[in-house]
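A.B. asks: If you scroll down you'll find the structure; I have some questions about it.
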Amino acid sequence: MKGGRVLTGRYFMMGNTACAEGAMAAGCEFAAGYPITPATEIANRLAERLPQVGGVFLQMEDEISSIAAIIGASWTGKKVMTATSGPGISLMLENIGFAIGVETPCVIVNVQRGAPTTGMPTAGVPGDMVQAKRGSHGDYEIIALCPAAPQEMFEYTVLAFNFAEKYRTPVFVLSDAFVGHMREEVVIPDPEAIPIIHRQIPRRGTDPQKIKGFLDEEVAPMPIFGKGFKAHVTSSCHDEYGRRNLSDLAALDNFVRKLSNKILKHRKDIVMVEQDYEGADVVLVSYGAVSRAAKMAAAEARAQGLPVGTLRLITPWPFPGEEIAEMAQKTKKVIVLENNLGQLYPYIKAEAARDSEVFFLPPRVIGEIHDPESILTKVREVLP
Amino acid sequence: MSEIVHPLHRFLRPNVTSTTNCPGCGNGIAAQAILRAIDELGMTLDDFVFVTGIGCSAWIPSPFFNVDVLHTTHGRPIAFALGIKMGLPHKKVMVTSGDGDLGAIGGNHLIHNARRNVEMTVICLNNGIYGMTGGQAAPTTPLGLKTATTPYGTFENPFDLSALVIAAGASFVARWTTHHARQLTASIKKAIQKKGFSFIEVITQCPVQFGRKTGSGSAGQMMEEYKERSISTKEAAKLSKEEIRDRIVVGELVDKEIPEMVEEIRKMNKRVMGEKS
């Protein structure tokens with residue numbers, strides 16, 4: 001596959017390939033990674049495509065160095081990404097916390113697989129939903145996007161780059177082996193139709209002593225390297241100027257809160273849901289590949305005259321709590337569909353249970369996506 | 001009356017007024033050697049990006065050097081530095097870190113980037129102990145030494161970090177002690193100019209943790225001992241392995257010209273982009 005950055009056209013394309021093309025279209029200049037099933041196709045594609053536009057893909061010695069290298073490159077002003085699966089994320093978590101702590105734009109794609117531990121690499125199981133939010137130590141907020149189709153692997157990867165640049169933070173694309181390996185129609189638009197966001201940097205020539213490059217809830221300009229900003233960048237507790245403070249608890253409080261508030265204050269700009277529950281007595285809540293089964297089951301239920309709606313969480317993080325609570329007020333029963341043992345279920349229930357009765361439905365076998373018929377059986381069971 | 005200012009003071013970040021190093025620490029000697037080397041080469045700090053890991057020696061440039069500094073996680077500075085070099089190929093990237101950071105938790109990144117021969121300078125402050133956490137055994141601690149985590153003496157063979165990096169394929173490797181400030185400065189100058197991965201092992205005193213544990217005494221006494229134990233590469237070549245077992249072999253151990261990775265990638269991209277059009 002040869003060409004420029006944006007391969008405008010209609011394709012029959014694998015989700016992982018579409019993800020790599022999304023990165024290309026978003027302006028990715030440097031990627032680093034380590035082979036792992038079921039994410040490897042992203043690395044393969046980037047290794048072929050990035051050099052065609054003067055970019056670089058590096059195969060690293062492990063996932064720890066992969067995330068470290070992209071963070072380093074991001075500090076030189078480059079747009080960067082890495083792609084892996086659960087075991088790789090487990091190795092990256094310390095440095096993901098580092099990227100959050102020093103506010104580094106980067107995109108991390110997790111093509112989730114059967115777990116725990118080495119599990120079943122080719123099975124599509126979104127089992128790292130909470131890990132993405134709480135895997136690294138300490139309190140922090142994260143942005144995560146859940147694609148349900150190869151087209152969305154393209155679009156959400158572009159979006160992930162834009163969120164990363166806008167909010168100076170790591171952004172997850174939480175896919176799974178189903179979506180990553182799925183082949184479907186992918187439409188890549190004209191470059192002009194793809195919105196691209198670049199991070200803010202301080203004005204050139206600003207007195208380095210006066211640059212407030214960190215901890216601004218409205219996102220501080222990033223004092224990237226090589227421009228004379230003389231940035232001191234430490235993930236240890238620091239202030240707005242990047243000055244380390246390891247003794248004052250008020251400084252720690254400021255450090256933790258500002259980082260989190262930077263995301264939470266902008267949740268309205270970030271949070272995305274797909275809702276279709278007008279007049280529904282039962283709402284199916286889902287995300288990722290399972291949302292395809294939910295949509296199909298709801299359509300079938302309505303055809304049979306059953307008042308069933310859907311709510312799809314496109315961004316599990318920041319958590320769409322308000323959107324879930326609002327939905328729960330307008331319906332009677334909520335069925336949470338997840339292809340795992342119920343990772344987001346407790347979070348969804350905490351928001352929905354005030355106004356609705358909340359149920360959990362895994363697929364018949366974990367790793368199999370829900371059969372729409374089994375969803376309908378559950379709907380009939382809980383219908384008032 | 002004009003104020004007397006240290007000639008290297010201009011390299012320090014204006015708002016930083018004190019050091020975190022213990023009295024007698026070898027970090028100051030290494031810091032001066034680095035800054036002198038840069039100064040003598042007629043370069044400025046703005047020609048550099050400094051990257052550090054975790055441990056006392058990470059605090060040499062962070063926050064003291066008045067330039068871009070990335071203070072990273074434990075063991076990973078070389079991996080971060082690789083990304084920085086990819087993004088800023090015309091800047092000099094220097095890592096300062098310790099034997100624990102580079103040789104234990106970060107050993108993989110050390111050998112793989114030596115293998116890649118990525119242009120960067122890695123200064124390894126080897127004090128043979130974990131200083132910051134209070135004197136635990138390092139992979140460089142001499143066999144049998146009693147430390148906080150080996151109260152009955154270590155039972156592991158220590159790493160020869162320079163030999164490791166040479167075996168991995170680095171372009172330039174030198175070893176000096178803090179007693180050899182001038183020779184160290186000269187080697188740092190060479191390392192900075194080297195088109196490739198350069199590694200300088202600095203045997204350095206930690207009087208507070210190592211000195212106390214071993215009874216080897218004050219900083220001055222430890223440096224005296226370095227002087228006595230040191231032997232040049234030339235002299236060492238004449239002796240048997242057994243005869244130099246307790247000696248510190250100092251000097252430039254490797255200095256060779258081999259293809260450098262960032263340059264090789266640049267050539268590859270040129271080729272790929274040429275094929276495309």
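The values are calculated or read from the model by the stated rules, or taken from the named source; none is laboratory data. Quick caveat: nothing in here was measured; it's all calculated off a predicted structure. Here Cβ is always computed from backbone atoms with ideal geometry, including for glycine, and neighbour counts include all displayed protein chains.
A.B. asks: Could you list, in sequence order, the residues of segment A:227-274 that are of a type outside the set (D, E, K, R), assigned to a loop (DSSP other than H, G, I, E, B) and away from chain B (no Cβ under 14 Å)?
C.D. replies: Scanning segment A:227-274 gives A:HIS266, A:VAL271, A:MET272.
A.B. asks: Another question about this same structure. Within segment B:157-166, is there a residue that is within 27 Å of B:SER232 (Cα to Cα), more than 17 Å from the chain's Cα centre (by Cα) and not hydroxyl-bearing (Ser, Thr, Tyr)?
C.D. replies: Looking through segment B:157-166, at least one residue is within 27 Å of B:SER232 (Cα to Cα), more than 17 Å from the chain's Cα centre (by Cα) and not hydroxyl-bearing (Ser, Thr, Tyr).
A.B. asks: Kindly establish whether A:GLY135 is more than 13 Å from the chain's Cα centre (by Cα), within 14 Å of chain B (Cβ to nearest Cβ) and either under 29 Å from B:ILE105 (Cα atoms) or surrounded by fewer than 24 Cβ atoms within 10 Å (Cβ to Cβ) (or both).
C.D. replies: Against the criterion (more than 13 Å from the chain's Cα centre (by Cα), within 14 Å of chain B (Cβ to nearest Cβ) and either under 29 Å from B:ILE105 (Cα atoms) or surrounded by fewer than 24 Cβ atoms within 10 Å (Cβ to Cβ) (or both)), A:GLY135 does not qualify.
A.B. asks: Let me ask another. So, of the residues in segment A:39-53 that are of a type in the set (A, V, I, L, M) and within 14 Å of another protein chain (Cβ to nearest Cβ), which turns out to be farthest from A:ALA123 (Cα to Cα)?
C.D. replies: A:VAL53
A.B. asks: Against the conditions (1) surrounded by fewer than 24 Cβ atoms within 10 Å (Cβ to Cβ); (2) closer than 27 Å to B:GLN209 by Cβ; (3) out of contact with any Cys (no Cβ under 9 Å at 6 or more places or on another chain); (4) more than 13 Å from chain A (Cβ to nearest Cβ), where does B:GLU40 fall short? Just the number, please.
C.D. replies: (2)
A.B. asks: Moving on. More than 8 Å from every other protein chain (Cβ to nearest Cβ), buried (at least 24 other Cβ atoms within 10 Å of the Cβ), within 19 Å of the chain's Cα centre (by Cα) and farther than 30 Å from B:MET94 by Cβ: which single residue out of A:ILE36, A:ILE89 fits that description?
C.D. replies: A:ILE89
A.B. asks: Let me ask another. Can you tell me which condition A:ILE64 does not meet? The list is (1) surrounded by 24 or more Cβ atoms within 10 Å (Cβ to Cβ); (2) more than 10 Å from chain B (Cβ to nearest Cβ); (3) more than 17 Å from the chain's Cα centre (by Cα), and all the others hold.
C.D. replies: (2)
A.B. asks: Can you find a residue that is within 14 Å of chain A (Cβ to nearest Cβ) and more than 30 Å from B:THR17 (Cα to Cα) anywhere in segment B:138-148?
C.D. replies: Within segment B:138-148, not a single residue is within 14 Å of chain A (Cβ to nearest Cβ) and more than 30 Å from B:THR17 (Cα to Cα).
A.B. asks: Only residues that are farther than 23 Å from B:VAL69 by Cα and among the aliphatic types (A, V, I, L, M): list them for segment A:73-87, please.
C.D. replies: Across segment A:73-87, the qualifying residue is only A:ALA83.
A.B. asks: Shifting gears a bit: Out of A:ALA148, A:ALA123, which single residue is of a type in the set (A, V, I, L, M) and surrounded by fewer than 21 Cβ atoms within 10 Å (Cβ to Cβ)?
C.D. replies: Exactly one of A:ALA148, A:ALA123 is of a type in the set (A, V, I, L, M) and surrounded by fewer than 21 Cβ atoms within 10 Å (Cβ to Cβ), namely A:ALA123.
A.B. asks: Name the single residue that is nearest to the other protein chains (Cβ to nearest Cβ) among those in segment A:213-226 being farther than 14 Å from A:SER74 by Cβ and not small (Gly, Ala, Ser).
C.D. replies: By that ranking, first place goes to A:PHE214.
A.B. asks: Further question on the same structure: With the condition kept exactly as written, say whether any residue in segment A:6-25 is within 14 Å of another protein chain (Cβ to nearest Cβ) and within 18 Å of the chain's Cα centre (by Cα).
C.D. replies: Scanning segment A:6-25 turns up at least one residue that is within 14 Å of another protein chain (Cβ to nearest Cβ) and within 18 Å of the chain's Cα centre (by Cα).
A.B. asks: Still on this structure, I have one more. What tally of residues in segment A:329-384 results from selecting those that are of a type in the set (Lys, Arg) and touching a Pro at 6+ places or on another chain (Cβ under 6 Å)?
C.D. replies: 1
A.B. asks: Given the residues A:LYS258, A:LYS332, A:LYS262, which is the only one that is touching a residue at least 12 places away in the same chain (Cβ under 8 Å) and either under 24 Å from A:ARG354 (Cα atoms) or surrounded by 23 or more Cβ atoms within 10 Å (Cβ to Cβ) (or both)?
C.D. replies: A:LYS332
A.B. asks: Do you know which residues across segment B:66-81 are among the aliphatic types (A, V, I, L, M), at the interface with another protein chain (Cβ under 7 Å from one of its Cβ atoms) and outside any loop (DSSP other than H, G, I, E, B)?
C.D. replies: Once the filter is applied, which keeps residues that are among the aliphatic types (A, V, I, L, M), at the interface with another protein chain (Cβ under 7 Å from one of its Cβ atoms) and outside any loop (DSSP other than H, G, I, E, B), segment B:66-81 yields B:VAL69, B:LEU70, B:ALA79, B:ALA81.
A.B. asks: While we're looking at this one, here's another question. Only one residue in B:PRO63, B:PRO14, B:PRO23 is assigned to a loop (DSSP other than H, G, I, E, B), out of contact with any Gly (no Cβ under 9 Å at 6 or more places or on another chain) and within 8 Å of chain A (Cβ to nearest Cβ), so which one is that?
C.D. replies: After ruling out the rest, the residue left standing is B:PRO14.
A.B. asks: Pick out, from segment A:122-221, the strands (runs of 3 or more DSSP E) lying fully within it that include 3 or more residues that are under 20 Å from A:LEU259 (Cα atoms) and assigned by TED's automatic domain parsing to the domain that holds A:ALA25.
C.D. replies: A:143-145, A:170-176
A.B. asks: Identify the residue in segment B:233-277 that is in contact (Cβ under 8 Å) with a residue 40 or more places away in the chain and in a loop (DSSP other than H, G, I, E, B) and, among all such residues, is nearest to the other protein chains (Cβ to nearest Cβ).
C.D. replies: In this case the residue turns out to be B:GLU260.
A.B. asks: Right, here's the next one. From B:THR121, B:THR72, B:THR147, B:THR96, which residue is modelled with pLDDT under 95 and either in contact with a Pro (Cβ under 9 Å, 6 or more places away or on another chain) or of a type outside the set (Gly, Ala, Ser) (or both)?
C.D. replies: When all the criteria are applied, what remains is B:THR147.
A.B. asks: Here is a list: A:PRO316, A:PRO362, A:PRO372. Which entry is farther than 16 Å from A:ALA294 by Cα and in contact (Cβ under 8 Å) with a residue 24 or more places away in the chain?
C.D. replies: Result: A:PRO316 is the single residue among A:PRO316, A:PRO362, A:PRO372 that is farther than 16 Å from A:ALA294 by Cα and in contact (Cβ under 8 Å) with a residue 24 or more places away in the chain.
A.B. asks: Right, another one. With respect to A:VAL109, is the statement that it is buried (at least 18 other Cβ atoms within 10 Å of the Cβ) and either in contact with a Phe, Trp or Tyr (Cβ under 8 Å, 6 or more places away or on another chain) or among the aromatic types (Phe, Trp, Tyr) (or both) true?
C.D. replies: Taking the combined requirement at face value, the residue satisfies it.
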